[in-house]
Structure formats: C-alpha cells, structure tokens
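Colleague: Provided herewith is a single structure, encoded as structure tokens, for subsequent inquiry.
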Amino acid sequence: MIEVDNVTVGYGSAGFIKAVDGVSLTINDNEILGIAGESGSGKSTLMRAIYGDFSTGLRIQSGTVTGRFTDPRSGKVIEAPSSRFAPLWWDQISYIPQGSMSVLNPLMKIEAQVVDGLPKRERQGSRGELRARIAAFLAGFGLEENVLDAYPHQLSGGMRQRVLVAIAAFVNPRLILADEPTTALDVVVQKKILLMMVEIQRRQRNCLVLVSHDLGVHYQITDRLVIMYQGRIVEQGPTADIFANPQHDYTKNLIASLPRLHGKRAVETLGAVS
Ligand SMILES: Nc1ncnc2c1ncn2[C@@H]1O[C@H](COP(=O)(O)OP(=O)(O)O)[C@@H](O)[C@H]1O
Ligand SMILES: [Mg+2]
C-alpha cells in the first residue's frame, strides 16, 4: 500500500538537518507494523513523511514515498507520492500525531469536532442519524454517548485518547498512522487502548502503523517491526523473529533491558477470543 524507497528526510531550507537517512520499507494491507527506536531516532519524522505533512518545514531530500489506494467509490487505483496525499487524509489515511491530546479543539464539543471533519460521503442523512452512528461507534471504545456533549477538558486523558483513536478509525481508513498514541497514559489505560486498536485493525483489515519507543508494546501487538537508530533502519522483520533472534547490537541491548515478558502476546489472546 505504501512503498518507502531509500528516503532521506530532514528540516530547514537553508541548512538541511537530516533526521531520516536512506530508509526503505513497505507498508502492507491488513497488518500492524511497529516502529521502535530511542527518542530522536527519526520515528515521528518518518511518520510525517509518510502522511505527507510538510507543514513543519519537513523536506524529502531524496528517495520516494509512494502510496497505492483504491478509491472506495470508483474502485479506481490511485497511485501518488506522499506530497499529494492531502486529499486522502482521514478518508483513507488517518494520523494520530504524537502529543495528540492537544489536537482536540478545547472550545468545541466532541460531537462538532467529529462531524465537522467528516468526508461528505459520511455526512449523508440527518444529524440525528449521524450522531447515533457515531455514538454506536464510540460505544465500541467503552465511551458513552454523553462524551459527544463534552468539551475536551471535561474528559480524562485516557478518554480523550480513546476519542482520538475512535475519530481516526470512524471512516474506515485504509491506513492509520499512530505516533506514540498511549505514551502519556498509565499502563492499564494504555493496554486497553492498544487492545482496542488491535481489534479495530482486525475488523477493518486495514493497516496500523504504531510508533512506540516501548518494545513491550511491540511485543504485545505488532506483526512486523522496524527498529530505527540515529535516523536509519537497523533491523526489520516479523516481530516474533526479532524478539527471538535480534541481529543488531542496539536491538539486543533494547531487548535485554526489557523486564521479562510473560505469557502470551496480546494478539494471540485476542485471536483466541474472536
Ligand atoms: N520540526 C522540526 N524541526 C527541526 N528538527 C526537527 C523537527 N522535528 C524533529 N527534528 C529533529 O529530527 C530528529 C528526529 O526527531 P524525531 O523524528 O522527532 O524522532 P523521534 O520521533 O524518534 O523521537 C531529531 O534530531 C530532532 O531534533
Ligand atoms: Mg517522536
């Protein structure tokens, strides 16, 4: 669905500061792809380059990011570089940026924030029907309908983050890019939200790219894993293989520093339930 080919990305027009250096990877349909690496290794920069948001002074110096999406109405295949993804945002590609709690507008009730951004095709029918559909979707995230009448500050951090994940998934996008979606939350809330994201991915059969510096999270839920270090990919492959047999010293150290991982992976547990 997305092909990242030898891409070098950085910031600034006068002096170019390299943040991602010659990275190649493929994002497939129907998988959870993890991106791990220490702070400053270029994870968020890579996400922005894939999403095609160049508003932060981001620049692709060389290489390409190419997407192939099937238009859900016409069935036509759209192939384009990420610099032309903007019309696909939310509709086909959802992005939960790092520190995204601040993405919610503090002055607007949740319902208005969801409805205002919806693609036209989702806004058919009456406002009441639409509200009912959104409420039903939120219920799947353990959120009650009255959340729609709340302002963001009236919700807990965990609820706000659930709202954001729900908004991202509501229109059934083919690709969800989630950058540290649970990092600021306590472990119990974190786990609930991650499991919710896995469930959505399994149901919608789309692709979830999950950025986290926490290898425990990747062990729990990702299918494939990319390890970044100083702007480069040092290792990538099926998550289970990387944990069983890490190749790069950086990965070996990361895994050695984890608390012992007990029990089954969350995806396996979920698989047994559904
Ligand atoms: N908006 C920006 N302007 C300039 N440099 C940036 C910007 N955002 C990130 N960087 C730099 O790019 C590098 C990678 O950062 P980032 O992609 O945020 O890494 P990570 O998400 O892995 O912590 C860092 O050296 C960081 O300082
Ligand atoms: Mg980051």
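The values are calculated or read from the model by the stated rules, or taken from the named source; none is laboratory data. Values in this document were obtained by computation on a predicted structure and should not be read as measured data. Cβ atoms come from the backbone with ideal geometry, glycine included; neighbour counts cover every protein chain shown.
Colleague: For the range 120-164, enumerate the residues that are modelled with pLDDT of 85 or more, farther than 13 Å from I110 by Cβ and assigned to a helix (DSSP H, G or I).
Modeller: Within the range 120-164, R127, G128, E129, L130, A132, R133, A136, A139, G157, G158 meet the criteria.
Colleague: Let me ask another. Kindly provide the set of residues from the range 191-218 that are small (G, A, S) and away from ligand 1 (no atom under 16 Å from the Cβ), ordered by number.
Modeller: Pass one, the range 191-218, residues small (G, A, S): 212, 216.
Scanning the range 191-218 gives a single hit, G216.
Colleague: Give me a count of the residues in the range 163-180 that are closer than 14 Å to R203 by Cβ and either of a type outside the set (A, V, I, L, M) or within 16 Å of ligand 1 (Cβ to nearest atom) (or both).
Modeller: 4
Colleague: While we're on this one: State all residues of the range 87-111 that are on the phi < 0 side of the Ramachandran plot, among the small types (G, A, S) and loosely packed, with under 14 Cβ neighbours inside 10 Å; if no residue qualifies, say none.
Modeller: Narrowing the range 87-111 to residues on the phi < 0 side of the Ramachandran plot: 87-89, 91-98, 100-111.
When the remaining residues are screened for being among the small types (G, A, S), the result is 94, 100, 102.
Once the filter is applied, which keeps residues that are on the phi < 0 side of the Ramachandran plot, among the small types (G, A, S) and loosely packed, with under 14 Cβ neighbours inside 10 Å, the range 87-111 yields only S102.
Colleague: Among the residues of the range 214-228, write down those that are modelled with pLDDT under 95 and either more than 25 Å from W90 (Cα to Cα) or more than 18 Å from the chain's Cα centre (by Cα) (or both).
Modeller: Within the range 214-228, D214, L215, G216, Y219, Q220 meet the criteria.
Colleague: Test of understanding: among L195, L143, L208, L148, which residue is aliphatic (A, V, I, L, M) and crowded, with 22+ Cβ neighbours inside 10 Å? Break it down stepwise before answering.
Modeller: Working: L195 fails: crowded, with 22+ Cβ neighbours inside 10 Å; L143 fails: crowded, with 22+ Cβ neighbours inside 10 Å; L148 fails: crowded, with 22+ Cβ neighbours inside 10 Å.
Exactly one of L195, L143, L208, L148 is aliphatic (A, V, I, L, M) and crowded, with 22+ Cβ neighbours inside 10 Å, namely L208.
Colleague: Could you pull out the residue among R59, R68 that is surrounded by 13 or more Cβ atoms within 10 Å (Cβ to Cβ), farther than 30 Å from T251 by Cα, out of contact with any helix residue (DSSP H, G or I) (no Cβ under 8 Å at 6 or more places or on another chain) and touching a residue at least 12 places away in the same chain (Cβ under 8 Å)?
Modeller: Values: R59 fails: farther than 30 Å from T251 by Cα.
The match here is R68.
Colleague: On to the next question. What number of residues in the range 1-21 are in a loop (DSSP other than H, G, I, E, B) and within 21 Å of the chain's Cα centre (by Cα)?
Modeller: Number of matching residues: 1.
Colleague: Which residue out of A184, A169, A150, A139 is within 16 Å of ligand 2 (Cβ to nearest atom) and out of contact with any Pro (no Cβ under 9 Å at 6 or more places or on another chain)?
Modeller: None of the others qualify; the one that does is A184.
Yes/no matrix, rows are residues, columns are (1) within 21 Å of I35 (Cα to Cα); (2) within 16 Å of the chain's Cα centre (by Cα); (3) more than 16 Å from ligand 2 (Cβ to nearest atom):
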residue: T70; (1), (2), (3): no, no, yes
residue: E79; (1), (2), (3): no, no, yes
residue: R84; (1), (2), (3): no, no, yes
residue: P87; (1), (2), (3): no, no, yes
residue: Y95; (1), (2), (3): yes, yes, no
residue: V103; (1), (2), (3): no, yes, no
